[in-house]
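Structure first, commentary second.
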Amino acid sequence: MFFRRRPPRPATVQDQLLDVLREHLPDTPEDDVEILGAVAGLVACVAYADGVYHPAEVREVKRLLGRIHDLPRDAVDAVCALLDLKVAELARRDVHDHARILKQGTERGARVEVLEVLVDLAAADGQITVDETELLRRVTNMLGLSASDYVAAQSRHRDKLSVLD
């Protein structure tokens, strides 16, 4: 019996993101690379939740990624370059995958910090849309955080909540 070999699976945008992180963080343990990839994936999901990757969000992504795990500037620039090209594709990936990696691989405090980063990003364009709010609430739950964690994170941006308009 002869078996046909399947052609190799083409690299996904998530694979490309992880490769970028590995290239720029060669001494970082693989688990940490996956966690950073999950954070960047959630960033893409929130940045594109309203279907627009606003220039203010692009600037905020660069600033916020520098806060996470003290990413070196060249790694932040490389991740941002990939996001500029593929944010819509990255945002289509299942949010559950990113959240699961973070929930399993990080302490509660780190997940709260990620949530705060995501809320800050959603507010970067001057408005937190209904789509962004719904996504952030779902992500909060998937990260094993409470509604009060979400309320605390978004309280700094109450004036930008479009659901209050």
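Along the chain, the exposed loop sites are chymotrypsin sites (Phe, Trp or Tyr not before Pro) outside DSSP states H, G, I, E and B with at most 11 other Cβ atoms within 10 Å, and the longest stretch free of them is 4-165. If only the Cβ of Lys and Arg carry +1 and only the Cβ of Asp and Glu carry -1, the dipole of the chain around its Cα centre is close to 520 debye. Sequence-distant contacts, meaning Cα pairs under 8 Å at least 6 residues apart, place the relative contact order of the chain at 26 percent. P(r) tail for the stretch 13-164: Cα pairs beyond 24 Å make up 24% of the total.
Scaling against 2.2 N^0.38 Å puts the C-alpha radius of gyration of the stretch 57-109 at 1.24. Dipole orientation for the chain: of the candidates Leu21, Leu90, Leu145, Leu90 has the Cα lying most toward the positive pole (charges on Cβ; Lys, Arg +1; Asp, Glu -1).
Here the gap between Asp27 and His54, fully extended at 0.36 nm per residue and compared with their Cα-Cα distance, gives a gain of 6.4 nm. Where the alpha-carbon atoms of the stretch 105-159 are placed on the principal axes, they occupy 31, 17, 16 Å, in descending order.
Scanning residues 5 or more positions from Thr12 or on other chains, none has an amide H under 5 Å from its amide H, with H placed 1.01 Å from N in the peptide plane.
Any read-out appearing in this document is the output of simple, stated calculations on the displayed coordinates, not a laboratory observation. Here the structure is a predicted model, which means the values were calculated and not measured. Reconstructed Cβ throughout: ideal geometry from the backbone, glycine too, with neighbour counts over all protein chains shown.
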